[in-house]
Each structure stands twice: as structure tokens, then as C-alpha cells.
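The values are calculated or read from the model by the stated rules, or taken from the named source; none is laboratory data. What you see is a predicted model, and the numbers here were worked out from it, not measured in a lab. Quick reminder, even Gly has a Cβ in these numbers, built from the backbone with ideal geometry, and neighbours come from all protein chains shown. All accessible areas refer to the heavy atoms of the entire protein, side chains included, with ligands and DNA or RNA removed. Shrake-Rupley method; radii C 1.70, N 1.55, O 1.52, S 1.80 Å.
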Amino acid sequence: MALRTWLLRRAMGRFRITDDIVRHLTTFQRLGETVEVQLPTELLPIGARTVFRALRTRAASQLGVDWVWPYWLERQVDPRDPAFVPRGHLPFLANITNRNWTMVGNVASPWEAIVDPRGLVTPWYDGWSLDWWVGADDRWHVPSRDSGVRQRLVDSAPIVETAMRVPGGDVIHRAYAVQADEEYVVIEIENASRLPVAIALAVRPYNPEGLAVVERVALHDRTVTVDGRPALLFPRPPSRATGSTFRRGDSAAEVFRGTAADALPDPLRCEAGLAQAAFLFPLAHQATLQVALPLVAERRTRRRRLARRRVERMPEIPAGGLPPSAVVARGWRVQTDRGMRLVLPDARLAEAVDANRRYLLLLHDGTEITPGPATYHRFWFRDAAYMLAALDRYGFHGEATEVISHFQDRQRVDGFFFSQRQEWDSNGAALWSMAEHWRLTGELVADGDSVSRAVRWIGRKLRGARRDEEVAGLMPPGISAEHLGPFDHYYWDSFWSWRGLLDGAAMLRHLGRDKQAAAAEEWAAALGAALDRSMARVAAELGGAAVPAGPRRHLDPAMIGSLVACWPLALYRGDEPRMAATADVIRERFCIGDAFFQGISHTGLGTYLTMQLAFAELDAGDRRALARLQWLLGAATPTWTWPEAIHPQLGGGCMGDGHHGWAAADFLSMVRALLVREVDGGLALCSMLPDHWLGQGIEVHDAPTHAGLMSFAVRWHGDRPALLWDLKRRGDGSAPVTLTARGLDPAWSSTEARGEALLATPPELQAAAGGFS
């Protein structure tokens, strides 16, 4: 018995945790590989926060039955609601039915706030939130409970507008970020009804993920502090205020009874961390109220004098107010009037593209890019690869360059690009990102020494691999993408490493490092051969060509990860027999309707994972790819966001960050791929189009491609499309680039850099049906 196991059993024995209980843990560890594997310590804070928060949320929500809770929790504890989740013996309660939110923030800033589907605004990570309640002629209207609530974006910008119906019209809540003396989230509430109303701005100790810790709330003239930190700035003192603790009950009760006082209790302190307060303002017909929430949180403090000094240092809201939402929307149009520009026949799709271009810029945080504003607000090379490629494909090269140029800051001495332990895909992802940026821009943002160390690290991992025949020559077992499952040998890691070696070799040759390039090519050839041997052996064992997630796995949902070899890595074509067989099994066994259901970890309809299947289908010429995109568009929130996974019955988010950057990136890349994508020997324009687009104009301007900037337009002469194109080649442009447009005319091609052609009538035109309705 290992010393660690003996110590564990001794410690558990003191708490009467017997061997039969411990065996649940020891056998769990054997569900996957144990070689070279330990739990990545970087994930421990995330896991601990999730568990402890869920523990508090369960305890408080079952006792606070008369509290106003956030939208997701109101539904999840209501036995009459379809989103009700019985808790049973589990002591935890987390949001697993409505993980949907929308980020707001400023370009090039690392700070984003999130807005839930009912306008609850959370300015600080895992912190308090600002709710809004409306006192109308009939009663108090609460967005998390009322049915007449709608949400949208203002001009496809990160300005979230939530409207609630009250007698006489709507009260409209808008949330957006501005950069003034400080970074703020501005809350703009407009009374668009015919009658005056009262507005209660409520500091709440929760957010879209669970309970937050709020121990103290205070009002200093026009500034509210939360745990000693300036949190909410008013343009004038509130007319009434009320506050409470968990033991005394929810302050909402006093608001709804009309018994709010002139001031908050002093001090307002809750040892259970559930202090809350509400501040009331009258709002006349057609009037607007603006308040500001600092985006950057200071450290908690219990020192009241320090809290007052912080308030004194805070700039006041200008007499003329902060910029209104209409001005901020115009600023976003100016900020994003660059890069690839599209004119699409589908208005909803065009709006979603515009919104997600801007979201991707918000997730760019200077030297990093993160796959979410909340749960996943940290850097991973894997997620960054997809998001940086989307930035480059849409022409936001400066942002991509800034992140890639700092990759080497994360590279260890041994060459490992580190974002998390045991992520063996990271070096391949980093090298591919550098190379794809180079291919799309002509700019190689890579240091030769860094690239050389990165490929040598992969080479060492391959040489140190186990000699078992089924895994010989592959990357070691690890934990990369969590949707693959527990620690194991994954083809995913080896596919990424193979592409990294190929791209590393190309970059090293370009930098004049031929000897190092040759070594990388040799390792790449060996890894490609090892993959072929392993997949052949697995095919013989399983009785089919479909590629599982790893050589020791059955055909489970994680096999979706093996399609990465087709897209984006382009190691195999989509119609290559193994890739085609893999897609067939996924469609047959693991799809619900047009969406892929990920039963491992996510246990929901995968957003970017459905797109992984769609990209493989697009490459194979399979029009079911369009149905996947149509599903994704239909599954979006009204603000054009997606979570990591979607509840298959309810349609709400059930896993991961409620505003997921990888999903946004794949959506943008899929739309771009339908219009222009790189293929062997050239570019495919309009390779697959929805039927209802036929007969309507399309324009693509300044699309970055491996061949240069591509612009084209489709016009119609009766039932025949006319194609006008202009390819601005990079470099000497000596190699011919073949253009095709199979979605318009399968027989047409050209090697001319610019021109126009009247194409044949598309065969689908007479049978047009479906599309993005």
C-alpha cells in the first residue's frame, strides 16, 4: 500500500469513513489513466468556489422562502416551474437550468460586468448584484418574477436593454459600460409608460451563479459602499432607503409594504454574508435615471474610515450625466467599422454577426483573451486558439497580435506553453495560432527560439511516451478539454501536437532555421504514422473506421473531439473515411435533432461542439451543416449569446460560462466559412448557402484569407448569379489561387485575381426551402 493511500485511510478512519466508502474514491481514480497525471492545481480555486457557493446557496434558499431571488433561482426552487430541480440528499444548489448572461464592458479592458436575462447586473466577479423593481399603480413589479419582461441589444452593441411591462407602458432598463475618470457600468432606467413610477435599486447578495458574500452595506450621501468598497453612485440622494440582514429578512418586504425609511440602518452588517439594501427614487413619465457602478473593485475592508476615504476619492457623476446609451451605441459602430464587412440577406444572422464581433473584442483583455466574462474569465491556449483565429478572420489583427506576441511570457524554460497542468494540447494550439495569424496576415509574430523550444517539448513528450502498442508514439495521458472526460490518452492532444509540429516546422524554415525545422518535420512524420497505426488497431477492435476520443475509449460522445483533425487543423478532409465514419456515428448516436448532445461533463446540447460537427460536414459538402448553424442561431438568447451547453428540455444554459467566447468564435468562423474558406489550391467562395439566400445579394469586403484580402459580391440577373471579385494578393502572388463558388455554380472556377462572371442557374433555386427562418 502506498504511503499516501495509507495516510488517507488513516485520516478518514478518524472520521469513521470506512474502507468501503474510500473505495468509491480509489476506484473513481481508475476510470481513466493515472500515468503522469495529478489534478491541475489551477482548477482548485474554481472548484472550491463552486462547491462552497453552492453549499451556501442551498442552505439560504430553503430558509429564505419569502426572499426575492435571481431569475434562475426563482425558477429552480419553484416546484410548479419546469426548471425545478429536486435537491435530495445533495447539499448543493447551483445554476444548472438558466446559465445565460450577457457581458458589457470597454474595449481593451480586462473588466466585464454581466447582465442576466431579467436585467440583474453583476459588476464584480462572484460579487453582489444590482436588481431593479418598479412600483406602479397596481403593485411592485419584480423582473425575476414578472412574465412581461423582454431583452435585446441596442444597435447590436454591448448595451443590454431590458423592458418590463407596467400599467401604461414599459419601464426600460439599459446596462452598458463607459470609460470616464473610472470604468463604470451605467444603469439607465427610462419610464416610457404614461404614469409616474417608483424605482427601487436593490443591492443583492447574489449573482447568476449563486450567493455572494455581502457583509456590510452603507450609504455615504450619494455613494453606496459594499464591504467598504464604492459600489454604486447616485446622481442625487435617494428619497427612501431600507436595508436588512438574513436574520431580519429580505428588505424587499419593506419596499413592497411601503415602509422604507429615510436612511439605512447604521451599521448594516450581516454575519451570514447576506446583507442587502434598496434605494428608492421617483421617476416621472418620460424621465430617465442614471446610476453608475465602478467596474474595478477595491479590496474588502472593515475599516469605516478607509471606506469613507475611498468614497471621497471617487469622482462624482457629472452634472450633465454620463454618456447616454445612444451615444455609446454610436461609439461601438465607429470602433468596429473595420476589418471584414458583410452584407447578408438574413437580417437576424447579420445582427448576430455584428453583436458577436463586438463581444469577441470585449473578451480580448490586452495581452490575454478569455472564453468568458465570469466563470471562465481566465486564459487557456486551447480556447484562445479558436478565438484568436476568429479575430484574425474578421480582420481584428491588432488584437490578435497583442495576445500572440505575449505567448512566450507563458512559456516555461522547457518549452511548455503553460496555462494549466496536463494540458498537452497547449503547445500545438499556441503554434497553430501563431501560424494561422501568419497565414492570414503575412506577419509572423513568433520568436525563433520560442518556436524551437515549443516543438522540442512536443518531441520530448513523444519520445517519453509509453510503448504499449495502442498508444506508442502518441502524447501521454492528460486532461485538456474537459468535454473529453477523465485523464486519458486522447487523440485530441496528438492531433493538436501533430499540427503544431507541422506549423512549427514551417515557421522555423521561414526564419532560416532549417536544421530545427527538419527535426520538427521528422517528429511530425513519426506522430502521423503513430496515429495511423493506433487508429487502425482501434478500428479493428471496434469493427469500424470511426475514431473514438482515445485508443482506450469506446465510441462515446467525447469522440466529437476527434473531428478537430478535420477542422480547424486540416490534417484530414471531411470526406476522409475515418472522419466521415466518425461524423456518421455522432449523428446516429449523439445528436438530439440538429444539435450534438454532450453526455460527458457538459450534459447538455453543445454549442461550439455542435459547430465542430458542422465544420466537418461543411468540409465534406454535407448540407446538414446549415441545419446545425440554424439550430445555433435559434438557440441564442435575445442578446445573441450562448452558454457552453444548453439544457435539452428548457433551452437555458446548463454548463460553463453563460456567455461563452469559444461558442461566439465558432459561430463567427462558421458564417465566414460559408462565404469564404481556404481549400486545397485556393479559396471556396459561397461553398454552401441556405436556399432562401438564392436570388438575394451578398457582399464580402476585405476578408483576410491565406491568399490575401478577398472581396466579392453576388448580384442576380434573373435566376443567374453574377459574381464580381477582387483578391489582393500578398507577396509576389506568383502561385495561382483557384477560386470556386460551388454553392452558386458547381462547375465554375477561375485563377484570375479579379474579374466578374455570369454563373449558371443554381440547381437548388427551383426547390428553395428552409434557411434561417
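Points worth noting:
- Highest to lowest packing among 735-746, 112-123, scored as the average C-beta count within 10 Å: 112-123, 735-746
- Evaluated over segment 368-483, the Cα radius of gyration and Dmax, each in Å: 14.8, 46
- 0 to 90° range, to nearest 10: angle between helix 491-510 axis and the chain longest Cα axis: 70
- Segment 326-400, Rg to Rh (Cα coordinates; Rh as Kirkwood inverse mean 1/r): 0.98
- Solvent exposure ordering (accessible area, 1.4 Å, most first) of D181, D383, D449: D181, D449, D383
- 0 to 90° range, to nearest 10: angle between helix 514-542 axis and the chain longest Cα axis: 80
- Mean projected area in nm² (Cα convex hull; one quarter of hull surface) for segment 200-316: 7.8
- Centre separation in Å (Cα based) which lies between segment 54-92 and segment 644-716: 39
- Label-point separation in nm, E522 to V65, each point 7 Å along Cα→Cβ: 7.4
- Counting only alpha carbon atoms, the long axis of helix 44-63 and the longest principal axis of the chain meet at about 40°.
- For segment 568-639, the equivalent ellipsoid built from the Cα gyration tensor has semi-axes of 21, 14, 11 Å, listed from largest to smallest.
- Across the chain, Cα-Cα distances exceeding 50 Å account for 20% of all pairs.
- Cα-based values for segment 92-223, radius of gyration first and Dmax second, are 15.1, 45 Å.
- Shape of segment 570-697, Cα gyration tensor, a/c cut at 1.5: oblate
- Think of each Lys and Arg Cβ as +1 and each Asp and Glu Cβ as -1; about the Cα centre, that makes the dipole of segment 371-526 roughly 360 debye.
- The spacing between segment 580-601 and segment 302-377, judged by their C-alpha centroids, is 36 Å.
- Compactness relative to 2.2 N^0.38 Å, alpha carbon Rg of segment 708-750: 1.33
- Measuring spread by the Cα atoms of segment 612-669 yields a radius of gyration and Dmax of 11.8, 32 Å.
- With contributions of -39500 (n - 2.57) from each DSSP H run of at least four residues, the per-residue ellipticity at 222 nm computed over the chain stands at -10000 deg cm²/dmol.
- Charging the Cβ of each Asp and Glu at -1 and of each Lys and Arg at +1, and nothing else, the dipole of segment 441-497 about its Cα centre rounds to 320 debye.
- Neighbour cut-off at most 16 other Cβ (10 Å), DSSP loop, GluC sites (Glu not before Pro), segment 419-459: E443
- Rh by Kirkwood over Cα pairs, then Stokes-Einstein D for segment 471-545 at 1.567 mPa s and 4 °C, µm²/s: 96
- Ordering F417, L219, F281 by Cα displacement along the dipole of the chain toward the positive end leaves L219 in first place; charges were set at the Cβ atoms of Lys, Arg (+1) and Asp, Glu (-1).
- Relative contact order (percent, whole number), the chain, Cα cutoff 8 Å, 6+ residue spacing: 11
- Dipole magnitude (debye, nearest 20) for segment 513-592, charges at Cβ of Lys, Arg, Asp, Glu: 180
- Net +/- balance of residues flanking W133 in space, Cβ distance below 10 Å, scoring K and R +1, D and E -1: -1
- Förster radius 45 Å - calculated FRET efficiency between S734 and A540, Cβ distance, rounded to 0.05: 0.45
- Accessible surface of the chain, 1.4 Å probe, proportion on carbon and sulfur as whole %: 52
- Area projected by the alpha carbon convex hull of segment 622-770, averaged over all directions, nm²: 10.5
- Between A529 and R87, the modelled label-to-label distance comes to 6.0 nm, taking each label 7 Å out from Cα in the direction of the beta carbon.
- Relative contact order (%) - criterion: Cα under 8 Å, at least six apart; region: segment 359-509: 22
- Candidate residues R421, R87: accessible-area rank, largest first, probe 1.4 Å: R421, R87
- Pairwise centroid distance, computed over Cα atoms, of segment 136-189 with segment 508-577, Å: 49
- Solvent exposure of segment 678-718, expressed per residue, is 32 Å² of accessible area, with all protein chains present and a 1.4 angstrom probe.
- Anisotropy class of segment 250-398 from Cα gyration tensor, a/c 1.5 cut: prolate
- Summing +1 for each Lys or Arg and -1 for each Asp or Glu among the other residues whose beta-carbon sits under 14 angstrom from that of R247 gives -2.
- Three-way shape call for segment 666-714 based on the alpha-carbon gyration tensor, with the a/c threshold at 1.5: prolate
- A dipole drawn for the chain from +1 and -1 charges on Cβ atoms has a positive end, and of I46, V328, Q612 the residue lying farthest that way is I46.
- Cα pair distances exceeding 26 angstrom across segment 472-613, given as percent: 25
- Among V65, A506, A665 - extreme Cα towards positive end, dipole of the chain, charges at beta-carbon: V65
- For the set H220, H659, H510, the ranking by accessible area, highest first and with no ligand, DNA or RNA atoms included, is H510, H220, H659 under a 1.4 Å probe.
- Per residue accessible area of segment 178-283, 1.4 Å probe, in Å²: 35
- Note on segment 542-583: Rg/Rh from C-alpha atoms, Kirkwood Rh, equals 0.94.
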